[in-house]
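The values are calculated or read from the model by the stated rules, or taken from the named source; none is laboratory data. If you're wondering where the values come from, they're calculated on a predicted model, not measured in any experiment. In this analysis, Cβ positions are derived from the backbone assuming ideal geometry, glycine residues included, and neighbour counts consider all displayed protein chains.
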Amino acid sequence: MSSTRSYAAQSATTPLAPWTIKRRSPKPHDVEIEILYCGVCHSDLHFARNDWGMTVYPLVPGHEIVGRVTAVGDHVKKFKVGEIAGIGCLVDSCRECDNCKEGLEQYCSEGAVFSYNGQERDGSGNTYGGYSKSILAHEDFVLHISDKLPLEAVAPLLCAGITTYSPLRHWKVGKGQKVGILGLGGLGHMGVKLAVAMGAEVTMLSHSASKAADAKRLGAHKFVLTTDEAQAKSVTNYFDFILDTVSAAHDYNFYLGMLTTNGTMVCVGVPPPAPPIAAFNLIFGRKSLAGSLIGGLPETMKDINEAYERMLKGDVRYRFVIDMATL
Ligand code: NAP
Ligand code: ZN
Ligand code: ZN
């Protein structure tokens, strides 16, 4: 066991504060990482405030983790001490169910183990995330990261990047399609860039007029202020695909109206109160409403490489990233 400094929430109403956690000593397949950067995801905030009613305190959030390998277990083959590595939202799964075998560990039928607020499969307790000085995980859940990349910009790929990349890929977003990205935050800014890179015509759907210029700068072809009636009306029955990244309560029915016949809206944002959906809004136009959870390990690696090669350029706007030197 080793002691690690962290930031933790002790309850839903107390601010994050320094706390010391005990990390296990590396097991034979473990890779231990000294954390250099950790992105701040809105899920961290939902969990810290117990928005979803499932938080176990103390909570150490953080699942966009990049750092340097400081120790490896005896059987580790994929990593060496000194290399740069990352850990995203997952630290373990059964590896044997159909989903795990397909590289969809996030949908593990025994329940994936999340990087924080998860339960270790060996019964040793709660997992603690990346707002800390170090972390360790089985090598299967640790990602290689080139030391030539801007590491603070790589961190957000490990949740925001893969969470938007995975559904865009799964629903085959590309050339000839009209895509709406709803909400310009951490996920939304990745979603816009990825959908543009995939060749779609991309509209930023935002309730913040001040973000119009940024949306364009990120590559969006259009910007629609969703609170402006005329602008919202101009995209009625318009989109083939909407990626909904909004973190707060909003009316799904309003956005379903923006889908064209056979269009699909995929929710990745998780507002705490579940909004009611009228069946008619799906029936007229044979529309689909779906959801998507992060992405599996193989796809996360693809996401890192693709995002870097095609568009990253060291841009970390819209995601705060904690430099662990400050902890
Ligand atoms: P974020 O940076 O806070 O961005 C959320 C965006 O939602 C805001 O920038 C804003 O965009 C929009 N928004 C906020 N309040 C709104 C309101 N009242 N009405 C309409 N729009 C509003 O959050 P994030 O880190 O991108 O995370 C977004 C959501 O995805 C969170 O719920 C998070 O838990 C969830 N998430 C899910 C997964 C998954 O696997 N499915 C993974 C990661 C995160 P505009 O100002 O442009 O309107
Ligand atoms: Zn996240
Ligand atoms: Zn499994």
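Residues to consider are VAL72, VAL66; find the one that is of a type outside the set (Asp, Glu) and within 28 Å of HIS42 (Cβ to Cβ). Step through it out loud before you land on a result.
On the way: VAL72 fails: within 28 Å of HIS42 (Cβ to Cβ).
Only one candidate passes the filter, namely VAL66.
Residues that are among the small types (Gly, Ala, Ser) and under 23 Å from ARG319 (Cβ atoms) within the stretch 236-258 comprise SER247, ALA248, ALA249, listed in sequence order.
Here ALA200 meets the list (1) surrounded by fewer than 19 Cβ atoms within 10 Å (Cβ to Cβ); (2) closer than 21 Å to TRP171 by Cβ; (3) among the small types (Gly, Ala, Ser) almost entirely, failing just condition (1).
When the test is whether a residue is among the hydroxyl-bearing types (Ser, Thr, Tyr), more than 16 Å from ligand 3 (Cβ to nearest atom), in a helix (DSSP H, G or I) and closer than 28 Å to ASP228 by Cα, SER166 does not pass it. Here ASN305 fulfils each of the conditions (1) at pLDDT below 90; (2) away from ligand 1 (no atom under 16 Å from the Cβ); (3) touching a Leu at 6+ places or on another chain (Cβ under 7 Å) apart from (3).
Taken together, GLY183, GLY161, GLY188 contain a single residue that is away from ligand 3 (no atom under 16 Å from the Cβ), buried (at least 17 other Cβ atoms within 10 Å of the Cβ) and closer than 20 Å to MET324 by Cβ, which is GLY161. If you go through the stretch 205-246 and keep only what is buried (at least 22 other Cβ atoms within 10 Å of the Cβ) and among the polar types (S, T, N, Q), you end up with SER206, THR245.
Set side by side, the residues SER206, SER166 differ, and just one is out of contact with any Lys or Arg (no Cβ under 6 Å at 6 or more places or on another chain) and without any contact (Cβ under 8 Å) to a residue 60 or more places away in the chain, which is SER206.
Within the stretch 215-251, restricting attention to residues that are in contact with a His (Cβ under 8 Å, 6 or more places away or on another chain) and more than 26 Å from ARG49 (Cβ to Cβ), the residue that is farthest from ligand 3 (Cβ to nearest atom) is LEU225.
Against the conditions (1) surrounded by 24 or more Cβ atoms within 10 Å (Cβ to Cβ); (2) over 19 Å from THR264 (Cβ atoms), ASP147 satisfies every one except (1). Inside the stretch 110-125, residues that are at negative phi, without any contact (Cβ under 8 Å) to a residue 24 or more places away in the chain and surrounded by 13 or more Cβ atoms within 10 Å (Cβ to Cβ) make up a count of 4. Taking first residues from the stretch 281-309 that are farther than 18 Å from TYR107 by Cβ and of a type outside the set (A, V, I, L, M) and partners that are modelled with pLDDT under 95 and surrounded by 17 or more Cβ atoms within 10 Å (Cβ to Cβ), the Cβ contacts under 7 Å between residues at least 6 apart in sequence or on separate chains come to TYR308/LEU149.
Contact map, the stretch 262-274: first residue farther than 13 Å from HIS46 by Cβ and away from ligand 1 (no atom under 13 Å from the Cβ), second residue of a type in the set (Lys, Arg) and part of a loop (DSSP other than H, G, I, E, B), Cβ cut-off under 6 Å, separation 6 or more or different chains; pairs are ASN262/ARG286; GLY263/LYS287. Scanning the stretch 72-91 for any residue that is within 16 Å of ligand 3 (Cβ to nearest atom) and over 20 Å from GLY269 (Cα atoms) turns up at least one such residue. Residue pairs whose Cβ atoms lie under 7 Å apart, separated by 6 or more positions or on different chains, with the first residue in the stretch 172-188 and at negative phi and within 16 Å of ligand 2 (Cβ to nearest atom) and the second part of a loop (DSSP other than H, G, I, E, B) and among the basic types (Lys, Arg), are GLY186/ARG319. Here GLY219 fits the description: under 23 Å from the mean Cα position of the chain (by Cα) and closer than 17 Å to TYR318 by Cα.
Within the stretch 96-123, the residues that satisfy the criterion of being hydrophobic (A, V, I, L, M, F, W, C) and within 16 Å of ligand 2 (Cβ to nearest atom) are ALA112, VAL113, PHE114.
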